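Peer 1: Quick one: structure below, then a few questions.
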Amino acid sequence: MTKIVTLKASDGSTVQFIDEIKAQGGVKDVMFSPDGGYVVAFFREKADPATRERLLEITGRYREGILNQKGGEYLRNLYCWPTAVVEHENRLGVVVPFYRSCFFFEHGSPNNDMLGIRKKEKVGKWFATPGLRARRLDQRELGDWMRHLKVCLMLARAVRRMHMAGLSHSDLGYNNCLIDPVTGQACLIDLDGLVVPGRHHPTVIGTPGFIAPEVVKTARLPKEDPKRILPSQATDRHALAVLIYTYLLYRHPLDGGKVHDVNDSLRDDELMMGANALFVEHPQDRSNRIKAGNAKAFELPWKDTDRLPYTVTGPYLSKLFQESFVDGLHHPAKRPAAGDWETALVKTVDLLQPCTNPSCEQKWYPFDNKCQPTCPFCGTPHRGKLPVLNLYSSHAKGKFMPDGHRVMVYSGQSLFRWHENRFISPDEKLSADDARRVGYFVEHQGNWYLVNERLNGMRDVRSSQDIPVGGKTLLDEGAQILLSPEHGGRLLVVQMAGS
Amino acid sequence: MSRRLLTYLCIDTSGSMNGEPIVAVNAGLQALLGSLRSNPYALDSVHLSITTFDSEIKEVLPMTAVADVMLPEITCPKSGATLLGAALEHICEQTKRDVRKSTSTEKGDWKPILVILTDGKPTDTLAYTEVIPQLKACNFATIVACAAGPRADPNQLKRLTDHVVSLDTMDAAGFSKFFQWVSETFSKDSQSRGATSSVELPPPPAELNIVL
């Protein structure tokens, strides 16, 4: 007979749980509340004052600092943040909201869910392993490449906001972020291990595969040894880069063909992720390339880095992958910050083109800057005209500088406030009104037009004609369209690709 | 080829396992398989093989990836010896056959795992004594032994491994706890690593006793 335990939590609320372990993590046992609205996760180790203080700060000051500020409403969806601390039988626990339903498998695996994973958590590993994607998951669970990009954007945003507050996650990996490739959402979980530099020390070093090389390399030193390197924001940056790479390319950036220790597979892995870590796509050193010849059919093209190099993710992400895995792999200070990933991901969303092949699993791909673009995933060439809008913005009166940001045009693509002015960014602080589209694109008899919905200062520069709300303008080679005359206002310069 | 984690399950089917115990073991195996199948890490790497031993040694499940495993119903004769020594000899042969070793250009498998479940003591004591050094040379990452019920001899198993788990009763609850513990050893590699502790097995459930 299971009993219901009732406790008074640190925030004064009454907390109840069914006294039965429903799930177990590395250091915690998880119990459910009777109404299923939250869970209570108890640390197996006995309560100690340092942990209590850390948990009280995470559920109190840090939680309020992030979730009760501007944008907090939006951020609530990106974190499963513990709300209160409880103590029961000399053990500490945290009260955590139940995960949203989109983070549980709806269809699960094929053949009437033969693996029995329906209603289980969507852990990232499922979606980043070609064999599991191809053979073990119901195809309706897979989402498409645009949703994968959005998942990465949500993760980068969540990490960026946490870093802004001075915190580091210290254990980013497949298990600690739930993702939903069907809707493009993501949520960081297990936030009770957050690290405040100089105050709360990390209790974990991370999850294998996501631990930064300098941490792996020094993991065997005693914790007090000054040479020992523990998780920090710099190691979060490594883990975030690995997550983004695996979610977009379904392979690990360091798990290549090079053998480091013939006799001991554990030692081999330790060297691969630590002292000898080498990017599988290093531009000069090819010694750790994935052996595509050994890959199974369903692992291709993912395991073939010559056929599907990281550069298919587009110029903005490619630059960051280079900085993360070539320049910054063994130089933590050179790793891109979470905010850099967020910006690059937002810009990459604008580079997407729908694939014209209806059976393409990825369905979207970033523009490859070719006159005749081709989907890198399935090899289908683009059909029809393809306008490319290059964004410039005003820096002084009449002086427009390129922003290194392009928008690809396709049916259903929209313009937003963050395209109109370079000072507006699509992040958690954006108001609901500013999140509405301001214009859209339509193809008519083989030509593309931009329709103005909400821009009061839109103007065709070549013909010096205003384009009123409700009006439209032809997108042809060399067209220049001013979206806003204000400071930071954008000018679109059109290039035509495709045929 | 990605690394495989080969797992050998070595299960006592001697006469005394007949009845409720073997039913409970079958249920436990189903639960173990279910838990491995819903774990994406295990699906990607774990392979299972089952060998039973009584007066005969039978490889009832050859090494198979967890997604493809069709569990055989494990049965036992009404009576029979407990040829654990011979069973382990067979396991040694299997590992020589199955485990892919690394070469300078190819990555091999992970070190294999061996799980032994018995409710008695080996009747082929000489063979058992002789196979111990051979088994150690097979380079298992972990050997877990379960001594089930009052007649099991944990001390014999202690000669094989430090991980000996004792079950007081041979009912479904006990076996299911044991198999749950085994399935947790598979998820440890994908879980967070502590900053202070070394890599080790997860703690056993409270209802089991570890023989010291």
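The values are calculated or read from the model by the stated rules, or taken from the named source; none is laboratory data. Keep in mind that what you see is a predicted model, and the values were worked out from it rather than measured. Glycine also receives a Cβ, built like all others from the backbone with ideal geometry; neighbour counts cover every protein chain displayed. Accessible surface is based on the protein model in full, side chains and every heavy atom, while ligands, DNA and RNA are left aside. Shrake-Rupley method; radii C 1.70, N 1.55, O 1.52, S 1.80 Å.
Peer 1: Over the whole of A:250-258, what's the average partner chain Cβ count within 10 Å per residue? Rounded to a whole number, please.
Peer 2: 1
Peer 1: P(r) tail for segment A:65-120, what percent of Cα pairs lie past 17 Å?
Peer 2: 60
Peer 1: How many times 2.2 N^0.38 Å is the alpha carbon radius of gyration of segment A:234-366?
Peer 2: The value comes to 1.10.
Peer 1: For n ≥ 4 DSSP H runs only, could you compute -39500 (n - 2.57) per run for the protein assembly as shown, divide by its residues and tell me the 222 nm figure to the nearest 500?
Peer 2: The helix contribution divided over the protein assembly as shown gives -7000 deg cm²/dmol.
Peer 1: Which value, in Å³ per residue, describes the convex hull spanned by the Cα atoms of segment A:103-354?
Peer 2: 138
Peer 1: Tell me whether chain B comes out rounded, prolate or oblate; compute the Cα gyration tensor, take square roots of the eigenvalues as a ≥ b ≥ c, and use a/c under 1.5 as the rounded threshold.
Peer 2: It comes out rounded by the Cα gyration axes.
Peer 1: Give me the percent relative contact order of chain B, please, defined on Cα pairs under 8 angstrom at least 6 residues apart.
Peer 2: Relative contact order of chain B: 24 percent.
Peer 1: Leaving out ligands, DNA and RNA, what percent of the accessible area of chain B is carbon and sulfur, probe 1.4 Å?
Peer 2: Ligands and nucleic acids excluded, carbon and sulfur give 54 percent.
Peer 1: Around residue A:473, with a cut-off of 12 angstrom between Cβ atoms, what is the net charge of the other residues, counting Lys and Arg +1 and Asp and Glu -1?
Peer 2: 0
Peer 1: Given a 1.4 Å probe and every protein chain left where it sits, what share in percent of the accessible area of segment A:4-98 is carbon and sulfur?
Peer 2: That share works out to 50 percent.
Peer 1: Still on this structure, I have one more. Heads up, I need the accessible area for residue B:184: 1.4 angstrom probe, whole protein in place, Å², nearest 10.
Peer 2: In the full protein context, residue B:184 sits at about 40 Å².
Peer 1: I've got another one for you. Taking the solvent-accessible surface of protein heavy atoms with a 1.4 Å probe, what is the per residue accessible area of segment B:92-182 in Å²?
Peer 2: On a per-residue basis, segment B:92-182 sits at 44 Å².
Peer 1: Looking only at other chains, what is the average number of their beta-carbon atoms within 10 angstrom of each beta-carbon in B:64-72?
Peer 2: 1
Peer 1: Can you sort A:247, A:310 by 1.4 Å-probe accessible area, starting with the largest?
Peer 2: If we order A:247, A:310 from most to least accessible, we get A:310, A:247.
Peer 1: Now, a different point. Inside 10 Å of the C-beta atoms of B:34-47, what's the mean count of C-beta atoms belonging to other chains?
Peer 2: Taking all residues of B:34-47 together, the mean is 5.
Peer 1: Cα axis of helix A:338-351 to longest principal axis of chain A: angle in degrees, 0 to 90, nearest 10?
Peer 2: Around 40 degrees separate the two axes.
Peer 1: Which whole-number percentage describes the relative contact order of segment A:4-98, with Cα contacts under 8 Å and a sequence gap of 6 or more?
Peer 2: It rounds to 29 percent for segment A:4-98.
Peer 1: Using only the alpha-carbon atoms, how far is helix A:233-249 inclined from the longest principal axis of chain A? Give it as 0 to 90 degrees, nearest 10.
Peer 2: It works out to around 60 degrees.
Peer 1: Quick check on the protein assembly as shown: of the DSSP beta bridges with both residues there, what percent are antiparallel, nearest 5%?
Peer 2: Roughly 75 percent of the beta bridges in the protein assembly as shown run antiparallel, per DSSP.
Peer 1: To two decimal places, what compactness ratio does segment A:4-98 give when its Cα radius of gyration is scaled by 2.2 N^0.38 Å?
Peer 2: The value comes to 1.06.
Peer 1: Give me the extension gain from residue B:168 to residue B:103: residue separation times 0.36 nm, minus the current Cα-Cα distance, reported in nm with one decimal.
Peer 2: Length gained between residue B:168 and residue B:103: 18.9 nm.
Peer 1: Here's something else I'd like to know. Quick one: in segment A:55-191, what % of C-alpha pairs are over 22 Å apart?
Peer 2: Pairs farther apart than 22 Å: 42 percent.
Peer 1: Over the alpha-carbon set of segment A:176-314, work out the extent along each principal axis and list the three values in angstrom, largest first.
Peer 2: Taking the Cα atoms of segment A:176-314, the three principal extents are 48, 44, 25 Å.
Peer 1: Need one number: nm distance between label points at residue A:306 and residue A:69, each 7 Å from Cα along Cα→Cβ, rounded to one decimal.
Peer 2: Result: 4.9 nm between the two label points.
Peer 1: Based on the inverse mean of 1/r over its pairs of different Cα atoms, what is the Kirkwood hydrodynamic radius of segment A:384-498, in Å?
Peer 2: Across segment A:384-498, the inverse of the average 1/r is 14.1 Å.
Peer 1: If you don't mind, another one. Could I have the simple spin-label model distance between residue A:183 and residue A:474, label points 7 Å from Cα toward Cβ, reported in nm to one decimal?
Peer 2: 4.3
Peer 1: Determine how large the accessible area of residue A:27 is when every protein chain is in place; take a 1.4 Å probe and give Å² rounded to the nearest 10.
Peer 2: Per-residue accessible area (residue A:27): approximately 80 Å².
Peer 1: Take the Cβ-Cβ distance between residue A:466 and residue A:380 as r, set R0 to 35 Å, and report the resulting FRET efficiency rounded to the nearest 0.05.
Peer 2: 0.30
Peer 1: Separate question: How charged is the neighbourhood of residue B:124? Take every other residue with its Cβ under 10 Å from the Cβ of residue B:124, and add Lys/Arg as +1 and Asp/Glu as -1.
Peer 2: Value of the local net charge: -2.
Peer 1: Under a 1.4 Å probe, what is the accessible area of segment A:103-354 per residue, stated in Å²?
Peer 2: So segment A:103-354 comes to 35 Å² accessible per residue, rounded to a whole number.
Peer 1: Check each of the trypsin sites (Lys or Arg not before Pro) in segment A:126-231 and keep only those in coil by DSSP with at most 13 other C-beta atoms within 10 angstrom; list them in order.
Peer 2: A:199, A:220, A:223, A:227
Peer 1: Still on this model: To the nearest 20 debye, what is the magnitude of the charge dipole of segment A:159-277 about its Cα centre, counting +1 on the Cβ of each Lys and Arg and -1 on the Cβ of each Asp and Glu?
Peer 2: 400
Peer 1: Let's test the formula: R0 of 30 Å, r as the Cβ-Cβ distance of residue B:158 and residue B:130. What FRET efficiency results, to the nearest 0.05?
Peer 2: 0.95
Peer 1: Report the FRET efficiency, 1/(1 + (r/R0)^6), for residue A:435 and residue A:224, where r is their Cβ-Cβ distance and R0 is 45 Å, rounded to 0.05.
Peer 2: 0.35
Peer 1: A follow-up question, please. Expressed as an acute angle from 0 to 90° and rounded to the nearest 10, what is the orientation of the C-alpha long axis of helix B:20-37 relative to the principal long axis of chain B?
Peer 2: Result, in degrees: 10.
Peer 1: How many percent of DSSP beta bridges within chain B run antiparallel, rounded to 5?
Peer 2: If I count the DSSP bridges inside chain B, around 25 percent turn out antiparallel.
Peer 1: At a cut-off of 10 Å², which residues of segment B:77-104 become less accessible once all protein chains are present than in their chain alone, using a 1.4 Å probe?
Peer 2: The answer is B:102, B:103, B:104.
Peer 1: For Cα pairs less than 8 Å apart in space and 6+ apart in sequence, what is the mean separation divided by the residue count of chain A, i.e. the relative contact order in percent?
Peer 2: 9
Peer 1: Follow-up question, since we're still on this one. Taking the Cβ of residue B:53 as the centre, find all other residues whose Cβ is under 10 Å away and add up their charges (Lys, Arg: +1; Asp, Glu: -1).
Peer 2: -3
Peer 1: Follow-up. What are the semi-axes of the equivalent ellipsoid for the protein assembly as shown, taken as the square roots of 5 times the Cα gyration tensor eigenvalues, largest first, in whole Å?
Peer 2: In descending order, the three semi-axes are 52, 29, 23 Å.
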